[in-house]
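The values are calculated or read from the model by the stated rules, or taken from the named source; none is laboratory data. If you're wondering where the values come from, they're calculated on a predicted model, not measured in any experiment. With ideal geometry, Cβ positions are generated from the backbone for all residues, glycine too; neighbour counts draw on all protein chains shown. Remember, those area values only see protein heavy atoms, side chains included, never the ligands or the DNA or RNA. Shrake-Rupley method; radii C 1.70, N 1.55, O 1.52, S 1.80 Å.
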Amino acid sequence: QVQLVESGGGLVQAGGSLRLSCAASSRTFSSYVMAWFRQAPGKEREFVAAISRSGGTSYCIDSVKGRFAISRDNAENTVYLQMNVLKPEDTAVYYCAAALRDYDVVVAAQYDYWGQGTQVTVSS
């Protein structure tokens, strides 16, 4: 079992920045592909970004490219999402997820463990 705990969400004005963190309980953290998803009210959960086990490769959706960056620290069992130039449409609950498989990383069903989520609200 892996427990994931997100932190760092909050209320920010458009153009501002936030850094989300996700701390994992597992001693085998480096065995997992890690990702961030988000879910806005009335919408389905959406993939945002993923990072490989070593941290050497990452991928994110077009709408956040150049603004968001995913990173990880395997020594600290933590994955991060740095969010810059935030827009009101980024408002959502952000979830951290962990997967043993390293394919179809944009698909929520591929992920074995999920955090409880952290709210990000961007005001205009």
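Here are a few things to note about the model shown:
- Accessible surface of region 1-118, 1.4 Å probe, proportion on carbon and sulfur as whole %: 47 percent
- In order along region 29-36, phi translates into HN-Hα couplings of 3, 5, 7, 10, 6, 10, 8, 10 Hz, rounded to whole numbers, per the Karplus curve 6.51 cos²θ - 1.76 cosθ + 1.60 with θ = phi - 60° and x for Gly and Pro.
- Take the Cβ atoms of I61 and Q116, set R0 to 22 Å, and the FRET efficiency comes out at 0.50.
- Under the simplified labelling scheme, the R45-L100 pair shows an inter-label distance of 1.8 nm, with each label point 7 Å from Cα along Cα→Cβ.
- For region 64-72, 3J(HN,Hα) computed residue by residue from phi via the Karplus equation (6.51, -1.76, 1.60; θ = phi - 60°) reads 10, 4, x, 10, 10, 9, 9, 8, 8 Hz, glycine and proline entered as x.
- ³J(HN,Hα) computed for each position of region 6-20 - Karplus, 6.51 cos²θ - 1.76 cosθ + 1.60, integer Hz, glycine/proline x: 8, 7, x, x, x, 9, 9, 7, 3, x, x, 10, 9, 10, 8
- Protein-only accessible surface at a 1.4 angstrom probe places the residues W36, W114 in the order W114, W36, largest first.
- Inverse mean reciprocal Cα-Cα distance (Kirkwood Rh) of the chain, Å: 14.2 Å
- Residue ranking by accessible heavy-atom surface, 1.4 Å probe, largest first, among T28, T118 comes out as T28, T118.
- Database remark: amide H of F68 closer than 5 angstrom to the amide H of N84 (H placed geometrically; neighbours at sequence offset of 5 or more, or on other chains; Pro and chain starts carry no H).
- One Cα centroid belongs to region 8-38, the other to region 73-113; the line between them spans 6 Å.
- Point-charge dipole on Cβ atoms (K/R +1, D/E -1) for the chain, about Cα centre, debye to 20: 120 debye
- Surface accessible to a 1.4 Å probe, per residue, for the residues of region 1-44, Å²: 56 Å²
- Calculated FRET efficiency for the pair V85/V107, C-beta based, R₀ 30 Å, to 0.05: 0.65
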